[in-house]
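The values are calculated or read from the model by the stated rules, or taken from the named source; none is laboratory data. Fair warning: this is a prediction, and the values are worked out from it, not measured in the lab. Cβ coordinates were reconstructed from backbone atoms using ideal geometry, including for glycine residues, and neighbour counts include every protein chain displayed. For accessibility, only protein heavy atoms count, side chains too; no ligands or nucleic acids. Shrake-Rupley method; radii C 1.70, N 1.55, O 1.52, S 1.80 Å.
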Amino acid sequence: MSFLVGLFLIAPWVVLPEGSPLIRLDIPHRMFHLFGGLFIPQEGLILWFFLLTMGLSLFFFTSVIGRVWCGWGCPQTIYTDLFDRIGRFVLDSKYGKKDASLHGKFTVYFLWVVVSFIASFHWIAYFVSPYEMLADYLSFAAFSQTYFYFTAFFTAAMFIDIGFIREQFCRYACPYARFQTLLMDEHSWNVTYDFKRGEPRRDGKTKIGDCISCNMCVVVCPTGIDIRDGLQVGCVACGKCVDACTSIMAKENKKTLIGYFSLKQIETGAKIKWIRPRTVVYAILLTVVITGAIIQLITRSPMSMIAASNKSMPPILIPDNKIRAFVALRIQNIAPVEKEFQLSAFDTRHGKEILIRSGEENNQFKLGSGEIKSISVVLETQSLTEQELNEGYLPGSIVLNNAEDPDERLEKKLSLTLPRR
């Protein structure tokens, strides 16, 4: 909990040496900063790889080690535990009881609101600079900003959700809970009750199985389930029942009845079978997707260009059988540093260079990281023969090069409609 909450609070404040944030989804400027990389909406394939990796990771790890994300990584679980720690710190043994002092309850609620605001502030900081937000809050200028209302909404939502709805969200609203049982089998390593040792349970003073019917596993369960009834949707694998049973069984000089086991391990005493058809399939799919994502990231061009013919100004025929066309370009530098670019154009059908006029000297210009340049260029072909003019259209391309590294280039195909004669 300390590591994940600390990472969540620190990450948006980190600024890399080149001046870009470590992580920020800058929606107004359509840019996503991630670990020194700059991504734009046109790179949808990378987003697809990311989402597919997350989904297959969920499938793979659930099939191997059960609902471990819910118990140890989910913000719902982590912040609920944090709220409980605050409640116990203020009210001690009175926390959660009706006879707790009114002053103590309001103190707990106040601290919960403070924590909710801090968490919401940092959540918004993944979209807006936290330094700018902090300056606005200190100067009381934040109330006129859109992010203030988002922060207020998430503060209220978190206070209500974590303070009062709590793990019931996991049981009734979380979509993962609906299908997690389908991803696991009898070999999945999960919080499990050893029914072979525990059953039948103690009835009064009659000792039959090792379970003494203390029901502490039910008392400490945040979702109120009885783990002894088997795997259920409400189990978030938080392990609180494991701790409770371990402490009770220690007084009996016996091992815990609830722990991280597989169902097959309890039934037969066999070792966990980690390699099995479903884990192999998930692992292969995950490996393929991750490999594809790595290749995509390595080969991605740190520049973006959109080229479109000017519909209001179609290509025209000029003296010497040359074609003049007008094209609109939108160029963006998606590298973390400033770069100098150069434009060139080619007639791909006949292997000839096309003259390009952009208004820039030598068609070269500089763009800072994330900077966008929208320009209209004029393309002028070399003299065409009568046969070439009758071909109907001219396949061409516009090339954007890094002026300092010619191997770093981006090519956009463009079809020029030849004017009828």
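Remarks
- What a 1.4 Å probe finds exposed on the chain is 63% carbon and sulfur by accessible area, rounded to a whole percent.
- Gain in span if fully extended, residue 410 to residue 218, counting 0.36 nm per residue against the direct Cα distance: 63.0 nm
- Sequence-separation-based contact order of region 190-261, relative, with Cα cut under 8 Å and 6+ spacing, percent: 36
- C-alpha center-to-center spacing [region 81-114, region 1-41] in angstrom: 34
- Gap separating the Cα centres of region 216-291 and region 350-370, nearest whole Å: 62
- Per residue value of the accessible surface for the chain (all protein chains in place, 1.4 Å probe), Å²: 56
- Take every Cα pair under 8 Å whose residues are at least 6 apart in sequence, average their separation, divide by the length of the chain, and the relative contact order is 13 percent.
- Estimated distance in nm for a label pair at residue 311 and residue 168, the labels positioned 7 Å out from Cα along Cα-to-Cβ: 5.4
- Candidates per trypsin sites (Lys or Arg not before Pro) in region 75-116, loop by DSSP, up to 13 other Cβ within 10 Å: 97, 98
- Full extension of the chain between residue 156 and residue 417 gives 88.2 nm of extra length, using 0.36 nm per residue less the Cα-Cα distance.
- Applying 0.36 nm per residue to the separation of residue 15 and residue 135 and subtracting their alpha-carbon distance, the gain on full extension is 41.5 nm.
- Long-range Cα-Cα pairs in the chain (distance over 37 Å), rounded percent: 49
- The alpha-carbon of residue 196 sits under 22 angstrom from the alpha-carbons of these lysines, leaving out residues fewer than 8 places away in its chain: 205, 207, 240, 251, 254, 255, 264, 271, 273.
- Sparse-neighbourhood loop sites, GluC sites (Glu not before Pro) in region 90-187 - DSSP loop, at most 11 other Cβ within 10 angstrom: none
- Protection proxy ranking for 173-180, 302-309, using the average of other Cβ atoms within 10 Å per residue and placing the highest first: 302-309, 173-180.
- From helices alone, the chain scores -12000 deg cm²/dmol at 222 nm; the rule is -39500 (n - 2.57) for each run of n ≥ 4 DSSP H residues, then divide by the residue total.
- The mean sequence separation of alpha-carbon pairs under 8 Å and at least six residues apart, normalised by the residue count of region 1-151, gives a relative contact order of 22 percent.
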